[in-house]
Structures are given as structure tokens and as C-alpha cells.
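*Asks:* Let me give you the structure first, and then I'll get to my questions.
The values are calculated or read from the model by the stated rules, or taken from the named source; none is laboratory data. Remember, it's a predicted structure, so these values are computed and weren't measured experimentally. Here Cβ is always computed from backbone atoms with ideal geometry, including for glycine, and neighbour counts include all displayed protein chains.
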Amino acid sequence: MTQDIHNAPTVVRATSLGRSIQVEPLTCTIGAELGNVNLGVAAQDDSLLAEIRALLLKHRVLFFREQDITRAQHVAFARHFGNLEDHPVAGSHPDHPGLVQIYKTPDSPLERNENSWHTDATWREKPPMGCVLRCVECPPVGGDTMWVNMVEAYKQLPEDIKTKIAPLRARHSIEWSFGAPMPIEKRHALKAEYPDAEHPVVRTHPETGEKILFVNSSFSTHFTNFNVPSNVRFGQDKSPASSQLLNYLTSQANIPEFQVRFRWKKNSVAFWDNRSTQHYAVMDYPPSHRKMERAGIMGDLPY
């Protein structure tokens, strides 16, 4: 029987280790599981790190199983791709700055900051380049995470929509999201420390040159330059027309053909390109525990 080369796992040489990375694409558009890789070893091998980076650009999110690594190794691996950032609300591990503990237990408040499509921290002037997330403890079933390819989401837009959104920019807010449940004084203080950011609706990937649909339903609040004569005939073209267009664009993340879904196991790791993806943590597991640790890698100014 002839092997289907399109579905066969790819093998990439890890020359400095004298062995191969096993690469198994998980969907036609996004995601690959990498085998025969230990991230603790990878953090000390420049050639292997370069191969992982190339695979990240190709598949957008990479998955690793059975990574029984220390927090120090987790941080060391992530730091090879850039400096790490703290989170103003979630905070970091006291001994490992930049390693955010996302612990959901039956005793903790059920915060709804994960189970919506989002690109991490687009409320920053320079959102993260990527994130490395490790599962410490997970439910026996449930608690999956989904990712979506926003390069493909842009490619598949109708041409008239691409033309319309090409010059548009959008506001992104931490006050509107993480700040919403806070008392008004704390919410205002949070916004003062992290003012709303403004980004292009279609950004360019700094390494590949690809166009990316760069708005999300969690942090993008409105277009900042939509209300010009070419778009507005009457008042209703300002609202609801502009908000309807934004809702249409953010809804592209819901299309299954652009997505991958990953089932966690203890010591599984996901490494995603935060510039070209969104993700959604499925909150279907209470009252079970779900404990994750994430290293967010600083990024650059979207253009």
C-alpha cells in the first residue's frame, strides 16, 4: 500500500544530538506534536533551539509530552526566545520571575479570563512573542486548550473585507477585561499603569512577513480610525456598523478548519507563537484541579 506522504510524520534532523525530532502535524492548518525532544536538554543546544523555532513558525503551536523538567529548566528554555514578562494580575512564581502560575482548584474563585478566544496581552504596547505552558496537574478528562491560526483566518477573508480593514487600527484594553471585576479605584489604577494599546487590525509577522488578523474578542474594544467619510454615511454607520464589523472579524476564531484542540496530561508542554494565533482554555472541568505554569516571552511592536 502506498503511504500518504501528506499525512506521514515529518522527521527533522537534530544534528548536534545525533538523533531526530519526530514531528507529527495534528491538523491541516495548525499544530504539531514533537517527539524525541527533552526541553531541559534543548535549552542547552543552540542547533536544536533553531530547529524548534523553525517548526514553531511553520506549525504555530508545538506540543511536547512527558516533559518532567524543573521550573528552572522551563524558564531557561523560554528565555532562549526572549526575555520573560510578569503578569500584572496573575503574578509570577516567587523564585522564578516570569513564570505565571495558573492554578484552578475547587476552592479558588472561578475566574472567567481563560475560556474565551484571545491572543495573550494584546493590551500591551508590545504583546508577547510567544508562551511556553506546562501542565502541572490536570483533570482526568476535560480542561483542553484550543488554538487557532489567525494567518489562515486572514487569508480566507473575502477580498472586499481585506480591502476595508487594511488601514484600520483597534484599541486593546486590560481595564475592559481583567479590570472589569475590580473595584473602580483599582480598575482605574490598573488602566493608569497599563494604558490601552492601539494595534493594526492586520499585523505583519516580523519573521515570516505573513499577514495576520490581529483582533480578539477578549481585549479588542473598538476601531480607532473607522469613523471617516469613506465609511460613514449616517450615524448608524458609526454604530452598530463598526461594532458589527469587529464582531465579524473576531468571530473568525470560531471556525473549526483553522483550529487544533489539545488534551493535556501531566508534564505536557505547549509552545505557541502568540503573534499568529489565538487560544481558548476550555473550562469544562470543575470541580477538578487544573494547574498550569506559563512563561510569557516579550515581543515587539506590531506593524
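*Asks:* So, in the stretch 121-165, exactly how many residues are over 27 Å from residue 284 (Cβ atoms) and part of a helix (DSSP H, G or I)?
*Replies:* Of the residues in the stretch 121-165, 10 are over 27 Å from residue 284 (Cβ atoms) and part of a helix (DSSP H, G or I).
*Asks:* On the given criteria, is residue 2 modelled with pLDDT of 95 or more, of a type in the set (Ser, Thr, Tyr) and in a loop (DSSP other than H, G, I, E, B)?
*Replies:* Working: modelled with pLDDT of 95 or more: no; of a type in the set (Ser, Thr, Tyr): yes; in a loop (DSSP other than H, G, I, E, B): yes.
Spelling it out, it is not the case that residue 2 is modelled with pLDDT of 95 or more, of a type in the set (Ser, Thr, Tyr) and in a loop (DSSP other than H, G, I, E, B).
*Asks:* What pairs can you find where one residue is in the stretch 243-262 and touching a residue at least 60 places away in the same chain (Cβ under 8 Å) and more than 13 Å from residue 161 (Cβ to Cβ), the other is of a type in the set (Lys, Arg) and buried (at least 19 other Cβ atoms within 10 Å of the Cβ), and their Cβ atoms are less than 9 Å apart, with a gap of 6+ or different chains?
*Replies:* Hits for this filter: 260/60.
*Asks:* Return yes or no: is residue 87 within 30 Å of residue 209 (Cα to Cα) and at pLDDT below 90? Before the answer, list the steps.
*Replies:* Numbers: within 30 Å of residue 209 (Cα to Cα): yes; at pLDDT below 90: yes.
Criteria met by residue 87.
*Asks:* Could you look through the stretch 58-72, keep only residues that are in a helix (DSSP H, G or I) and among the charged types (D, E, K, R), and pick out the one that is farthest from residue 93 (Cα to Cα)?
*Replies:* The residue in question is 58.
*Asks:* Looking only at strands (runs of 3 or more DSSP E) that fall completely inside the stretch 208-303, which ones have 2 or more residues that are among the charged types (D, E, K, R), modelled with pLDDT of 95 or more and closer than 26 Å to residue 102 by Cβ?
*Replies:* Numbers: elements: 211-213, 220-223, 259-262, 269-273, 277-281, 290-297.
Here the list reads 290-297.
*Asks:* Can you tell me which condition residue 103 does not meet? The list is (1) surrounded by 15 or more Cβ atoms within 10 Å (Cβ to Cβ); (2) of a type in the set (Phe, Trp, Tyr); (3) modelled with pLDDT under 95, and all the others hold.
*Replies:* (1)
*Asks:* If we keep just the residues of the stretch 5-51 that are of a type in the set (Gly, Ala, Ser) and assigned to a loop (DSSP other than H, G, I, E, B), which is modelled with the lowest pLDDT? So that I can check it myself, show each step before the final result.
*Replies:* Here is the first cut: in the stretch 5-51, the residues of a type in the set (Gly, Ala, Ser) are 8, 14, 16, 18, 20, 31-32, 35, 40, 42-43, 47, 50.
Now narrow it down to the ones that are assigned to a loop (DSSP other than H, G, I, E, B): 8, 18, 31, 43.
Working: 8: 39, 18: 42, 31: 98, 43: 91.
Filtering the stretch 5-51 for residues that are of a type in the set (Gly, Ala, Ser) and assigned to a loop (DSSP other than H, G, I, E, B), the one modelled with the lowest pLDDT comes out as 8.
*Asks:* Next question, about the same structure. Any residue in the stretch 196-211 that is charged (D, E, K, R) sitting within a Cβ distance under 9 Å of a residue that is at pLDDT below 95? List the pairs, counting only those 6 or more apart or interchain.
*Replies:* Filtered contacts from the stretch 196-211: 196/176.
*Asks:* Restricting to the stretch 262-297, name every residue that is touching a helix residue (DSSP H, G or I) at 6+ places or on another chain (Cβ under 6 Å) and closer than 18 Å to residue 136 by Cα.
*Replies:* Hit for the stretch 262-297 is 295, nothing else.
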